[in-house]
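We did not get these values from a lab; they are worked out from the coordinates using the rules stated. Keep in mind it's a predicted model, so treat the numbers as computed, not measured. All Cβ positions, glycine included, derive from the backbone under ideal geometry; neighbour counts span all protein chains shown.
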Amino acid sequence: MPASPETAAPAAFAYEGPAELRDAVTAALTRVVDPEVAMSIVDVGLVYGVTLTADSATVRVTMTSAACPVADLIVDDIHDELERVLPAGCELEVELCWEPPWTPAMMSARARRFMQW
């Protein structure tokens, strides 16, 4: 079961932007679930960073593999969740990146316990 925003661990990703939006952005990304593992993309370690300016937001994410069959679904869910918390008119870009490559070591302790790793 994915972490609720109230029980989510502090973000394990880089964040640049207004401090007053950090918690809302983290909660929004925590609501996005990787359906292959039924866990939040934050817990799985797929979020590399968020950069917010007055009029734009960039989210750097990866997938557990380049052949991830649900990458488009995850990116769409990121858009849906962040559009709920970002200021009106904020341009949102989700950048899919492969460096550094994802490894299980990027998962939160909660995710490793859940996966029994």
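Remark: pairs (first residue in the stretch 104-117, within 16 Å of T64 (Cα to Cα); second residue buried (at least 18 other Cβ atoms within 10 Å of the Cβ) and not aromatic (F, W, Y); Cβ separation under 6 Å; 6+ apart in sequence or on different chains) = M106/G45; M107/V44; M107/G45; S108/D43; A111/M39; A111/D43; A111/V44. What do you reckon, is V33 under 17 Å from H79 (Cβ atoms) and crowded, with 18+ Cβ neighbours inside 10 Å? Against the criterion (under 17 Å from H79 (Cβ atoms) and crowded, with 18+ Cβ neighbours inside 10 Å), V33 qualifies. Condition check for D80 on (1) over 15 Å from V42 (Cα atoms); (2) in contact with a Phe, Trp or Tyr (Cβ under 9 Å, 6 or more places away or on another chain); (3) not in a loop (DSSP other than H, G, I, E, B): one failure, at (2). For T103, the requirement of being crowded, with 18+ Cβ neighbours inside 10 Å, polar (S, T, N, Q) and farther than 23 Å from A24 by Cα is not met.
For the stretch 35-63, the tally of residues that are part of a helix (DSSP H, G or I) and either over 14 Å from M107 (Cβ atoms) or touching a residue at least 40 places away in the same chain (Cβ under 8 Å) (or both) stands at 3. Looking at the stretch 70-78, is at least one residue loosely packed, with under 12 Cβ neighbours inside 10 Å and within 14 Å of D34 (Cβ to Cβ)? The answer is yes; a qualifying residue exists. Restricting attention to the stretch 88-99, which residues are without any contact (Cβ under 8 Å) to a residue 24 or more places away in the chain and either of a type outside the set (A, V, I, L, M, F, W, C) or part of a helix (DSSP H, G or I) (or both)? Passing the criteria: only E99. For the stretch 18-34, the set of residues classified as in a loop (DSSP other than H, G, I, E, B), touching a helix residue (DSSP H, G or I) at 6+ places or on another chain (Cβ under 7 Å) and either under 15 Å from R112 (Cα atoms) or not basic (K, R) (or both) consists of V32 only. Within the stretch 58-72, if we keep just the residues that are of a type outside the set (D, E, K, R) and over 13 Å from the mean Cα position of the chain (by Cα), the residue that is nearest to R31 (Cα to Cα) turns out to be V70.
Would it be correct to say that R22 is surrounded by fewer than 17 Cβ atoms within 10 Å (Cβ to Cβ) and either in contact with a strand residue (DSSP E or B) (Cβ under 9 Å, 6 or more places away or on another chain) or among the hydrophobic types (A, V, I, L, M, F, W, C) (or both)? First the steps, then the outcome.
Values: surrounded by fewer than 17 Cβ atoms within 10 Å (Cβ to Cβ): yes; either in contact with a strand residue (DSSP E or B) (Cβ under 9 Å, 6 or more places away or on another chain) or among the hydrophobic types (A, V, I, L, M, F, W, C) (or both): yes.
Spelling it out, R22 is indeed surrounded by fewer than 17 Cβ atoms within 10 Å (Cβ to Cβ) and either in contact with a strand residue (DSSP E or B) (Cβ under 9 Å, 6 or more places away or on another chain) or among the hydrophobic types (A, V, I, L, M, F, W, C) (or both).
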